[in-house]
Amino acid sequence: MNAPWNPQRALKRDPFQAYVCDDWAAEAIRPIADEQGWSPDKVFKTGMRGAIQSLAVSASPQILLVDLSDTDDAVGEINNLAEVCEPGTIVIAIGQVNDVRLYRTLMNSGIHDYLLKPLSADQLRDTLEQARAILHAPRPADQTPERAHCGVAVIGVRGGIGASTIATSLGWLMAERLGRSTALLDLDVHFGTAALSLDLEPGRGLVDAIDNPSRIDGLFLERAMVKASERLAILSAEAPISAPILTDGIAFAQLQEEMRLTFETTLVDLPRDMALQQPMLLNTAQTVVLVTELTLAAARDTIRMLAWLKLNAPQAAVLLVANRVQPAALCEIAQSDFEGSIERPVDVLIPYDQKLVVQAAKLGKPIAELGKSSRTVAPMIAMVQRICASTEDGAAAPARRGLFDRFDFKALLSKRAGTA
């Protein structure tokens, strides 16, 4: 329900259904539904559990109203509902709990609105009319011409130097500054911070993809991804550290392929260790953002990573980014000495703004959103413009599907199952 929109599927569904817990709510909703031209018989007194059971075996409506009054775990039940809801469903929740934290969490889960009981006829009418307006509004994808896909991988040469922070900000800038539909894939399945830095629940989509890679298709992707904004969606995880996840990378590669077909930009936050173990994940990257810092250890690892990328991702342009750059007197290595040791210039210098970083962490927002006029953010804006400009320049190149055209994922999965 919080996934990318698919209008053709939505046109085949009921326009409205409601699942409530009591007669009073049902009687309040039925006349409003009748005003909208919807059948009052589509208001069911089965509650949230009935909604999940019913929608698990039938198509969900275009507009769905659910009553959370009969559950002690409203957020958990909404997440369960998302598992059975068709993508594009506009969900309106009603309940008795007046809590701003609950409201924010539910809204971040992808619902359209949360109304308090007892229901006001005027408020319910306005909410339903807003939902109808959204349902029939032209989508950005229908209004803008298709743009060349932009594939970006962000890798830190060392842990803890802010590569994930940069990845999140680049994703936000791609979506909000350049208006590109953007998928952010965080492949640190145990300790990823993409969802955390955007104040979102990561969901189980990424773990489910690893466990069942044969299920990955467009519909799975629509259900699994969490929307951070109208143009930015993320796929992240916080898998239990007591159960290490082992994968051959096929699921991750197939996820990238589906994202490439759905979004204008795919941005992968790729841990260094995973990149070394699964170099195939870089085969469709047009740009690799290699994040480093001006230290001795980072200089050593930058040399090694540049050599590795030259062998394993020769098609990608490598953009070397020095993060958390302090005044010269506080740097462990001067920029000129660093560049001399790695035998190439640093492409982008990002100054360190501690106040901005702390504020972004407290508010759950990317630093690019909070520091729009900051000297820390300005280089990032120039970076996304440079990345997308190089993509557009190469748009005429015929090989847009890259290595994945040569892979039959279903056959690979069957072969792997047969040799297990």
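Report relative contact order for the stretch 150-413 in percent, whole number only (criteria: Cα-Cα under 8 Å, sequence separation at least 6).
The value is 26 percent.
Could you give the angle, 0 to 90 degrees to the nearest 10, between helix 296-312's Cα long axis and the longest principal axis of the Cα atoms of the chain?
80 degrees
Compute the angle between helix 378-393 and the longest alpha-carbon principal axis of the chain, please, reported from 0 to 90 degrees and rounded to the nearest 10.
Helix 378-393 and the main axis of the chain meet at about 90 degrees.
In this model, which of K42/K117; K227/K372; K117/K365; K310/K372 are farther than 26 Å apart at the alpha-carbon?
In this structure, K117/K365; K310/K372 lie more than 26 Å apart at Cα.
Less than 19 Å apart at the alpha-carbon level, and either on another chain or at least 8 residues along: which aspartates and glutamates does that give for K362?
Cα-Cα hits under 19 Å: D199, E201, D353.
What list of ³J(HN,Hα) values in whole Hz, one per residue of the stretch 52-65 in order, does the Karplus curve 6.51 cos²θ - 1.76 cosθ + 1.60 (θ = phi - 60°) give from phi, with Gly and Pro shown as x?
With coefficients 6.51, -1.76 and 1.60, one gets 5, 5, 5, 6, 5, 10, 9, 5, 7, x, 5, 10, 10, 10 Hz.
Determine the calculated [θ] at 222 nm for the chain from helices alone, applying -39500 (n - 2.57) to every DSSP H run no shorter than 4 residues and normalising by the residue count; nearest 500 deg cm²/dmol.
About -12000 deg cm²/dmol.
Along the stretch 186-192, what does the Karplus equation 6.51 cos²θ - 1.76 cosθ + 1.60 (θ = phi - 60°) give for ³J(HN,Hα), rounded to whole Hz, x for Gly and Pro?
The phi angles translate into 9, 8, 8, 6, 9, 10, x Hz.
Compute the Rg to Rh ratio over the stretch 7-137 from the alpha carbon atoms, using the Kirkwood formula for Rh, and round to two decimal places.
Rg/Rh: 0.92.
Within 10 Å of each residue's Cβ, count the other Cβ atoms and sort C388, C85 from fewest upward.
Ascending number of Cβ neighbours within 10 Å: C388, C85.
Any chance you could run the full-extension gain for Q326 through D72? It's 0.36 nm times the residue separation minus the Cα-Cα distance, nm to one decimal.
The Q326-D72 span can extend by a further 86.5 nm.
List K365, K372 from most exposed to least, where exposure is judged by having the fewest other Cβ atoms within 10 Å.
K372, K365
May I ask you to list the aspartates and glutamates whose Cα is less than 15 Å away from that of K45, ignoring any residue fewer than eight positions away on the same chain?
D22, D23, E27, D67, D70
Stretch N79-R300 to full length: gain in nm at 0.36 nm per residue minus the Cα-Cα span?
Using 0.36 nm per residue and subtracting the Cα-Cα distance, I get 75.1 nm.
Please give the contour-minus-distance gain from D199 to L219: 0.36 nm per residue of separation, less the Cα-Cα distance, rounded to one decimal in nm.
Additional length available on full extension: 4.7 nm.
For the pair A59/R101, report the inter-label distance in nm, with labels modelled 7 Å from Cα in the Cβ direction.
Each label point is offset 7 Å from its Cα along the Cβ direction, giving 4.1 nm.
Compute the signed sum of charges (Lys and Arg +1, Asp and Glu -1) over the other residues within less than 12 Å, Cβ to Cβ, of L349.
Residues close to L349 contribute a combined charge of -1.
Name the aspartates and glutamates eligible as straight-distance cross-link partners of K355: C-alpha to C-alpha under 18 Å, and not fewer than 8 places from it in the same chain.
Straight-distance partners of K355: E369.
How do the peptides 17-24, 181-188, 32-39, 339-346 rank, highest first, by the average count of neighbouring beta carbon atoms within 10 Å per residue?
181-188, 17-24, 32-39, 339-346
Give me L198, L349 ranked fewest to most by other Cβ atoms within 10 Å of their Cβ, as a rough exposure proxy.
L349, L198
Could you work out the local net charge near L196, counting Lys and Arg as +1, Asp and Glu as -1, over the other residues with Cβ closer than 14 Å to its Cβ?
That works out to -4.
Helix 250-262 sits at what angle to the longest principal axis of the chain, using alpha carbons and giving 0 to 90 degrees rounded to 10?
Around 70 degrees separate the two axes.
Note down the nm distance, to one decimal, between modelled labels 7 Å out along Cα→Cβ at K310 and at Q277.
In this crude spin-label approximation the distance works out to 2.7 nm.
Assuming R0 = 56 Å, what is the FRET efficiency of D23 and N212, from their Cβ-Cβ distance, to the nearest 0.05?
0.85
Between T287, T247, T46, which gets the highest mean-square fluctuation from a Gaussian network model of the chain, Cα cutoff 10 Å?
T247
Which of V91, V358, V289 moves the most in a Gaussian network model of the chain with Cα springs under 10 Å?
Most flexible of the set in this elastic network: V358.
Please work out the C-alpha center-to-center distance from the stretch 288-340 to the stretch 41-57 and express it in whole Å.
Computed from Cα coordinates, the inter-centre distance equals 55 Å.
At Q123 and I241, where each label point lies 7 Å from the Cα along Cα→Cβ, what is the point-to-point distance in nanometres?
Roughly 4.3 nm, to one decimal.
Here, each number is a calculation from the coordinates, and none is a lab measurement. A quick note: this is a predicted structure, and the numbers were derived from the prediction, not measured. Neighbour counts run over all protein chains shown; Cβ positions are idealised from the backbone, glycine included.
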